[in-house]
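The values are calculated or read from the model by the stated rules, or taken from the named source; none is laboratory data. Quantities reported herein were computed from a predicted structural model and do not represent experimental measurements. Every residue, glycine among them, receives a Cβ derived from its backbone with ideal geometry; neighbour counts consider all protein chains shown.
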Amino acid sequence: MRHPVRALVVSALVVGLAATGCDKNTGGTGTGNEPEKAQSAIVVDYKGETPTPAPEVEGATPGGKLTIMQEGDFEHLSPQQIYVSNALAYANLFHRQLTGYIEDGKGGPLKLVGDLATNAGETTDNGKTWKYTLREGVKFEDGTPITSKDVAYGIAVSFSTYGVQGPQYLQTALDPERAYKGPFDSKGVAVPGVTTPDDKTIVFTFATPHAELPYLVSYPTATPISEAKFTKEKYETAFQSTGPYKIKEYKRDAYLDLEKNPNWDPKSDPIRHAYVDTVHFDFTVDGESETNRVIAGQGDDAASIMTGNVVPAKIAEVKGNADVMKRTISAATPFVRYLYINTQRVTDLQVRQALNYAFDRDAYIKAVGGYDVAEPASTTLAPVVPGYKKFDEYPGANGGSNGDVEKAKSLLQGKTVPKLKFCFANTPVNQTVMAVIQGSLTKAGFTFSSSPIDPAAYYTTVGDKTTDCDIMAGGWAQDFPDGDSTLGVLFDGSKIVDKGNNNLGYLNDAAINAKLLELRGLADRSQAAAQYGDLDQQIMKAAPVIPLRYDRFFSIYGSKVGGTFASPLWAQFNITGIYVKS
Amino acid sequence: MFRFAVRRVLLAVLTLFAISVVTFSLFFLGPADPASTMCGSKLCDPVTHARIEHDLGMDQPAINQYASYMRGVFVGRTIGSGDTAIDCPAPCLGVSFRTREPVTQILARAFPVTLSIVTGAFVVYLIVGIGLGMLSAIRRGTVLDRVSVGFSLSFASMQIYFLGLLLTYFLVWQTGLLPRPQYVSPAESVGRWAMGMLLPWITLGLINSAVYARLARAQMLETLSEDYIRTARAKGLPIRRVYFRHAFRAAVTPLVTIAGLDLGTQLGGVVITESTFTLQGAGRTAVLAIFQQNLPIIMATVLLAAIIIVLMNVVVDMLYAVIDPRVRLS
């Protein structure tokens, strides 16, 4: 998934670096994540044992208006186009898919369950064929029952122009050659690999096993669309809801008002509640005004949530206000930043290890805004990835976080390391931060030639296998909560191609490739999850990256908001059980 | 006067044509790769990339793309082909790369916001700035003059994002005296529109009025030292008539030029003011489009700004000719 693209925030011109130091969430609802708690497991409900309706949220009261403040409008709400984290989080209010997630604010395991379908998927041939059966009582907002043909049509749309900006995993799995162009350009042709034997059943058939399918059909790619009601571009602002809320009024770039969908049946939904009467998205804010408004909590703002982090300039003020801190949530997110070390060029393992030892994490975290918005990273998996294992292969001297320059120097003894070409996307933040990183590595004797690259061309340049960059800045967030969505993308040498690589360390280790393949083949993803932590450690021993930081969610909710917590999946507030205190 | 007007308009059309060619070349033929930024996958596979480029019409020769774009501006066009084609009526400025929404619709939402900010602030800085400058010149050396000069120096040296954030902090968040800035269509409620725009008006108005006060004072002082003013006063004309009938008209002429050009520039998008107060006007829309490499929106906002500035130049030239007959003669 992607971070939202933000407009220029003028207040960024006047922000200072925030004070540092860890804090602990003491969320008013008592359900906030604590920084040290990580999402370490996933339960995939293949058997359909999750109860409906979803269990009541303790203390929840119905009614009221929830305001969600967001800087700028959603890029897309037409389901097959949704891929940005905030839209993925809030589309839960009105779009349903075959499967979905139940997040636990108390640190329990993440659950992947059947949403429109009765379970997370049934396979009898290790993932080559998957069957889903729709629940009883699932309807579009106009009262029309949702059929498997509507789901198939939604997937067909995802192959077309109206799905090109959404995730492409399901489409590529179904049609690796991408010959099918969707229901408009490939008129009369069925979606490859998708059949609907009856109105309740949809079957996916693949040439090779796809154990990850239950995750892929949790994306809005698998949101049903009624062919008769699909209005192409207009669907962005006038879609048929399948969830608990539907559009009341949508004024692009200004606001989106949702009201309850009378044709949503809670008995058909194991994930969502609809406690509040109306939801108001306000798109006319920026980070500064979001923070100010939620802190002040005047009028409707008392029942509001932010979608962005508290701006750095306000962190000290927030931390100094005990009342506000009670409704502040600080939690891990799926976003991790790295420096990839090009193993094709920096072939000496000890040099790569020395780079890791020399990196001053403390100086770096302070440079990017402090420990409230970032946490030093030592793994390639984010703490929210199921199977995450906490370890540090390259600890700082005396257990500190300023690196171990002496250790790095000893590893480099007797070696002549040429000047390393250090590539990064040329953004104002990177210009500052990369200088800090280079400063710390220089202490161990490394020398660099900086190569800032136009952000628009950055990934094309460094994703070219023949790149002459030795070190490349980058980041990643899992697309679905499975170790393979990070390790299988970033470190699988068998996937290296001439251009368009995600494996920017160009690591091609036979043992790691084999282990990835083995884990990918496990049909039960709950079992597979546990093994990715060890594999992460094995990868870090080969040092194809310097993990820089885990981004943190540091945000405030209004004093009248209850039943929310940080979503480990989307780095947003979880809104499936949110309510307004009466 | 007619020939003068025709000459100016023709020059304006030529200028706009040149701007459209240069802008189009810069944005559409430059190194930007919007298909990659739009691609759903984190790194776009070549098939999808080619598909997006085709959808955007970026696989066509540049000259065809330009011709098609300009045809759309005047007669409208159909973007894409087959069942996924979009009908874009004139003046068609393309469709957003992101949402496939016609750019004219996006600008139709954003421009009233900019127009509201700029016209309100324009009134504030003309009245306050010119008024203060004139008074200051007439009362040269008095306390009023010194206060006026101090005002000019203070506000002229301030930045919008500083004064705007400061005023917002005190007037909105600390004291609650003003509502937070927001745009409400005047068609919906004139009162809420005016209240929502008050802070941007005050901020932009104060900063610009400081400049106008200085200019107006200098112009008025210069005019007041002219021989014809001395003659008018010697003739025994009432002092009020000398100031407002004779001096003011002459002093205001250069200010009209500056005000007209300022207005034109600002109508193209007051990026900093819009960003400071989080108002989704043309400037902020353009900035977001730049972040997204949304070329049709960037192109349209640049063209819009150019059209307004060129038009304001024509208007200023005409107005100048009306105010000062010597211009017509030349």
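Restricted to segment A:213-261, and to residues that are among the aliphatic types (A, V, I, L, M) and assigned to a loop (DSSP other than H, G, I, E, B), which residue is farthest from residue A:64 (Cα to Cα)? Before the answer, list the steps.
The initial filter retains those residues of segment A:213-261 that are among the aliphatic types (A, V, I, L, M), namely A:213, A:216-217, A:222, A:225, A:228, A:238, A:247, A:254, A:256, A:258.
Restricting the remaining residues to those that are assigned to a loop (DSSP other than H, G, I, E, B) gives A:217, A:225, A:238, A:254.
Working: A:217: 32, A:225: 30, A:238: 24, A:254: 21 Å.
Once the filter is applied, the top-ranked residue is A:217.
Taking helices (runs of 4 or more DSSP H) as the structural unit, those lying wholly within segment A:296-389 and holding at least 1 residues that are without any contact (Cβ under 8 Å) to a residue 60 or more places away in the chain correspond to A:312-319, A:322-325, A:361-367. Condition check: among the small types (Gly, Ala, Ser), within 13 Å of chain A (Cβ to nearest Cβ) and touching a helix residue (DSSP H, G or I) at 6+ places or on another chain (Cβ under 7 Å). Does residue B:185 satisfy that? So residue B:185 passes the test. When segment A:230-250 is filtered for residues that are within 13 Å of chain B (Cβ to nearest Cβ), more than 25 Å from residue B:282 (Cβ to Cβ) and surrounded by fewer than 16 Cβ atoms within 10 Å (Cβ to Cβ), the ones remaining, listed by number, are A:231, A:238.
State yes or no: is residue B:211 under 30 Å from residue B:66 (Cβ atoms) and in the same structural domain as residue B:149 (by TED's automatic domain parsing)? No. Looking at B:245, B:192, B:249, just one residue is within 14 Å of chain A (Cβ to nearest Cβ), among the basic types (Lys, Arg) and over 20 Å from residue B:308 (Cα atoms), and that residue is B:192. Taking segment B:212-227 as the range and being in a helix (DSSP H, G or I) and either among the acidic types (Asp, Glu) or more than 37 Å from the chain's Cα centre (by Cα) (or both) as the test, the residues that pass are B:222, B:227.
Residue B:81 passes every criterion in (1) hydroxyl-bearing (Ser, Thr, Tyr); (2) surrounded by 13 or more Cβ atoms within 10 Å (Cβ to Cβ); (3) more than 26 Å from the chain's Cα centre (by Cα) apart from (2). Mind checking which residues of segment B:103-116 are surrounded by fewer than 23 Cβ atoms within 10 Å (Cβ to Cβ) and not polar (S, T, N, Q)? Those that are surrounded by fewer than 23 Cβ atoms within 10 Å (Cβ to Cβ) and not polar (S, T, N, Q): B:107, B:108, B:109, B:111, B:112, B:115.
Of the residues that sit in segment A:527-566 and are polar (S, T, N, Q) and in contact with a helix residue (DSSP H, G or I) (Cβ under 6 Å, 6 or more places away or on another chain), which one is modelled with the lowest pLDDT? It comes out as A:531.
Residues considered: A:425, A:354, A:408, A:363. Of these, the only one that is small (Gly, Ala, Ser) and over 15 Å from residue A:443 (Cβ atoms) is A:425.
Among the residues making up segment A:251-273, a single one is buried (at least 19 other Cβ atoms within 10 Å of the Cβ) and at pLDDT below 95: A:254. So, residue A:121, is that one at pLDDT 95 or above and in contact with a Pro (Cβ under 8 Å, 6 or more places away or on another chain) or not? Yes; evaluated as a whole, the condition is true for this residue. Count of segment A:251-275 residues, restricted to those that are within 14 Å of chain B (Cβ to nearest Cβ) and in contact with a helix residue (DSSP H, G or I) (Cβ under 9 Å, 6 or more places away or on another chain), is 4.
Of A:154, A:193, A:166, all but one fail to be away from chain B (no Cβ under 14 Å) and within 20 Å of residue A:91 (Cα to Cα); the exception is A:154. Scanning segment A:16-38 turns up one or more residues that are under 22 Å from residue A:480 (Cβ atoms), at pLDDT below 50 and charged (D, E, K, R).
Taken over segment A:375-404, the criterion of being among the hydrophobic types (A, V, I, L, M, F, W, C), modelled with pLDDT under 95 and surrounded by fewer than 23 Cβ atoms within 10 Å (Cβ to Cβ) is satisfied by A:397 alone.
On inspection, residue B:106 passes the criterion of being within 11 Å of chain A (Cβ to nearest Cβ), outside any loop (DSSP other than H, G, I, E, B) and in contact with a helix residue (DSSP H, G or I) (Cβ under 9 Å, 6 or more places away or on another chain). Evaluate the following for residue A:207: is it over 25 Å from residue A:101 (Cα atoms) and either more than 13 Å from chain B (Cβ to nearest Cβ) or surrounded by 23 or more Cβ atoms within 10 Å (Cβ to Cβ) (or both)? Spelling it out, residue A:207 is indeed over 25 Å from residue A:101 (Cα atoms) and either more than 13 Å from chain B (Cβ to nearest Cβ) or surrounded by 23 or more Cβ atoms within 10 Å (Cβ to Cβ) (or both). Figure legend. Inter-residue proximity from segment A:563-582: first residues part of a loop (DSSP other than H, G, I, E, B), second residues of a type in the set (Lys, Arg), beta-carbon distance below 6 Å, spacing 6+ or different chains. Indicated pairs: A:576/A:272; A:581/A:560.
The listed residues are A:278, A:328, and the only one of them that is within 29 Å of residue B:185 (Cβ to Cβ), away from every other protein chain (no Cβ under 12 Å) and either of a type outside the set (D, E, K, R) or touching a Phe, Trp or Tyr at 6+ places or on another chain (Cβ under 6 Å) (or both) turns out to be A:278.
A count restricted to segment B:259-287 and to residues that are without any contact (Cβ under 8 Å) to a residue 24 or more places away in the chain and surrounded by 23 or more Cβ atoms within 10 Å (Cβ to Cβ) stands at 1. Restricted to segment A:281-298, and to residues there that are acidic (Asp, Glu) and facing chain B (nearest Cβ under 8 Å), the residue that is farthest from residue B:278 (Cα to Cα) is A:288. Determine whether residue B:19 is modelled with pLDDT of 75 or more and out of contact with any Asp or Glu (no Cβ under 9 Å at 6 or more places or on another chain). For residue B:19, the condition - modelled with pLDDT of 75 or more and out of contact with any Asp or Glu (no Cβ under 9 Å at 6 or more places or on another chain) - is met. Please specify each residue of segment A:47-70 satisfying the condition of being part of a loop (DSSP other than H, G, I, E, B), in contact with a strand residue (DSSP E or B) (Cβ under 7 Å, 6 or more places away or on another chain) and either free of Cβ contacts under 8 Å to residues at least 24 places away in the same chain or surrounded by 14 or more Cβ atoms within 10 Å (Cβ to Cβ) (or both). Passing the criteria: A:48, A:50, A:57, A:60, A:61, A:64, A:70. The listed residues are A:278, A:291, and the only one of them that is of a type in the set (Ser, Thr, Tyr) and modelled with pLDDT under 95 turns out to be A:291.
In the condition set (1) of a type in the set (A, V, I, L, M); (2) part of a helix (DSSP H, G or I); (3) closer than 27 Å to residue A:110 by Cβ, residue A:203 is compliant with all but (2).
Would you call residue B:237 among the aliphatic types (A, V, I, L, M), within 25 Å of residue B:160 (Cα to Cα) and either crowded, with 22+ Cβ neighbours inside 10 Å or in the same structural domain as residue B:303 (by TED's automatic domain parsing) (or both)? Here the answer is no, as residue B:237 does not meet what is asked. Listed here are the helices (runs of 4 or more DSSP H) enclosed by segment B:117-187 that have at least 1 residues being crowded, with 20+ Cβ neighbours inside 10 Å, outside the structural domain of residue B:271 (by TED's automatic domain parsing) and free of Cβ contacts under 8 Å to residues at least 60 places away in the same chain, and there are none.
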